[in-house]
1. Exactly one condition in (1) in contact with a helix residue (DSSP H, G or I) (Cβ under 7 Å, 6 or more places away or on another chain); (2) of a type in the set (Gly, Ala, Ser); (3) in contact (Cβ under 8 Å) with a residue 40 or more places away in the chain; (4) closer than 23 Å to Ser167 by Cβ is false for Gly224; which is it?
2. Within the stretch 351-372, which residues are within 16 Å of the ligand (Cβ to nearest atom) and open to solvent by 40 Å² or more (accessible area, probe 1.4 Å)?
3. Hey, among Asp234, Asp272, which residue is outside the structural domain of Thr158 (by TED's automatic domain parsing) and either farther than 17 Å from Ala92 by Cα or open to solvent by 30 Å² or more (accessible area, probe 1.4 Å) (or both)?
4. On the given criteria, is Ala183 closer than 20 Å to Val100 by Cβ, without any contact (Cβ under 8 Å) to a residue 60 or more places away in the chain, more than 14 Å from the ligand (Cβ to nearest atom) and open to solvent by 20 Å² or more (accessible area, probe 1.4 Å)?
5. Would a scan of the stretch 143-161 turn up a residue that is open to solvent by 20 Å² or more (accessible area, probe 1.4 Å) and within 16 Å of the ligand (Cβ to nearest atom)?
6. What about Gly347, is it within 16 Å of the ligand (Cβ to nearest atom) and either buried (at least 18 other Cβ atoms within 10 Å of the Cβ) or of a type in the set (Ser, Thr, Tyr) (or both)?
7. Answer with yes or no whether Ala99 is within 16 Å of the ligand (Cβ to nearest atom), touching a strand residue (DSSP E or B) at 6+ places or on another chain (Cβ under 7 Å), open to solvent by 40 Å² or more (accessible area, probe 1.4 Å) and closer than 24 Å to Trp258 by Cβ.
8. Only one of Leu39, Leu83, Leu56 is over 23 Å from Leu238 (Cβ atoms), in the same structural domain as His247 (by TED's automatic domain parsing) and open to solvent by less than 80 Å² (accessible area, probe 1.4 Å); which?
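The values are calculated or read from the model by the stated rules, or taken from the named source; none is laboratory data. Here the structure is a predicted model, which is why all the values come from computation and not from measurement. Using ideal geometry, Cβ is built from the backbone for each residue, glycine included, and neighbour counts are taken over all protein chains shown. Each accessible area value is taken on the protein alone, full model and side chains, heavy atoms only, with ligands, DNA and RNA left out. Shrake-Rupley method; radii C 1.70, N 1.55, O 1.52, S 1.80 Å.
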Amino acid sequence: MSDDSHTPGAEHGALPHFETLAVRTQTGVSTEREHSVPLYLTSSFRFDDAEHARALFAEEVPGNIYSRYSNPNTDEFVRKLCLMERGEEGIATASGMSAVFTAIAAHVSAGDHVLSARAIFGSTHQLFTRILPKWGVSSDYADVSDPDSWERLLRPNTKAIYIETPSNPGLELIDLEWLGALARSRGIPLIVDNCFATPYLQRPLEHGASAVIHSATKFMDGQGRALGGAIVGDRAFLADCRFFARHTGPAMSAFNAWLLSKSLETLAVRMDRHCSNALTLAQHFEGHEAVASVRYPFLPSHPQYALARRQMTQGGGIVTLDLKGGLEAGRRFLDRVRLVTHSANLGDTRTIVTHPASTTHSKLTVAERQAVAISDGLIRISVGLEHVNDVIADIEQALAGTP
Ligand SMILES: *Cc1c(COP(=O)(O)O)cnc(C)c1O
């Protein structure tokens, strides 16, 4: 982090508003006096003299050494995210999954245990069930609807509690205040994947989480261009992540950090529109003849509506429709959409639809899918920034062919 980098308002003690932090947190201006922060495409940085190099490596003075450790662009992205999430420290990684892996791997050894919820991102599930066991790290899934199951499954060797809320794609919520208090009382770090909410809608660190994970690929980039990830949280938690990342190399590229930091400048306005479009769309399709049910955290019919109102400021950009015709209706729907895109991403300006039962979650049994609130007719809609009436009209015409 460069010495003259600017955090607006820090000199007054109180932090300015979210939007101002997003726009005005910048890496220090170079001798060119640029207004928009330039791209620092350099693998390494020069040392003033032998003593400067020694002090930098000893971490006695701040400054950049090598872009696997830090770079002005990644530093700006991380510092901005720390201010947005109210985290003490952070690191940027090449993807959301490298952030998940770093956060876990930096804190477990052979014989340790991780407690999670079943409703987690597909690759995170593979990490817990197929990859960590290779190194002797076991995991259990607590039942979200049974709070006692968390206490029951905690063990003396549990080194992390890992959750996602709202979950992808089931939109299940976990009470952050309650789980944060439980984790703190046991001295176990709570790690929260905050990808669906973003810090604009929900700040898990304020509820007792030790770290927040992000796939910056989604709403942070917001335009479907770049992969990225981040971990932000407590200083002690991040110290282990930093050591692990520095020596294993999951670093975010300077180019992606430059792009993503500029994307964060518009996160608040984009999220406002994603959320209002998503709510309008969810309300429109509730009760539709081809739709068995609609799920959206800010619809009163969501089973955890009260919790959503308590811990999120808006419902987010993702809506799910459970089509009446099941698997076949889901497939027919995808083949009939014209405006919205059938693609595997989310959090884009363009509305994207996916059918988890025939794609991301096709390897699970029907019972396993049901356990994570994914029915065969479930369509996940990442509601974009087109005019919502055009999106609704396209989905209406696609549904006309089902069941
Ligand atoms: C996409 C996603 C990830 C993984 O992020 P990548 O950037 O694709 O590696 C993790 N968690 C959630 C909730 C996601 O949606």
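1. For Gly224, the exception is condition (1).
2. Within the stretch 351-372, Thr359, Thr360 meet the criteria.
3. Numbers: Asp234 fails: outside the structural domain of Thr158 (by TED's automatic domain parsing).
The match here is Asp272.
4. Values: closer than 20 Å to Val100 by Cβ: yes; without any contact (Cβ under 8 Å) to a residue 60 or more places away in the chain: yes; more than 14 Å from the ligand (Cβ to nearest atom): yes; open to solvent by 20 Å² or more (accessible area, probe 1.4 Å): no.
Taking the combined requirement at face value, the residue does not satisfy it.
5. Yes, that holds for at least one residue.
6. Details: within 16 Å of the ligand (Cβ to nearest atom): yes; either buried (at least 18 other Cβ atoms within 10 Å of the Cβ) or of a type in the set (Ser, Thr, Tyr) (or both): yes.
Yes; evaluated as a whole, the condition is true for this residue.
7. Working: within 16 Å of the ligand (Cβ to nearest atom): yes; touching a strand residue (DSSP E or B) at 6+ places or on another chain (Cβ under 7 Å): yes; open to solvent by 40 Å² or more (accessible area, probe 1.4 Å): no; closer than 24 Å to Trp258 by Cβ: yes.
So Ala99 does not fit the description; no.
8. Working: Leu83 fails: over 23 Å from Leu238 (Cβ atoms); Leu56 fails: over 23 Å from Leu238 (Cβ atoms).
None of the others qualify; the one that does is Leu39.
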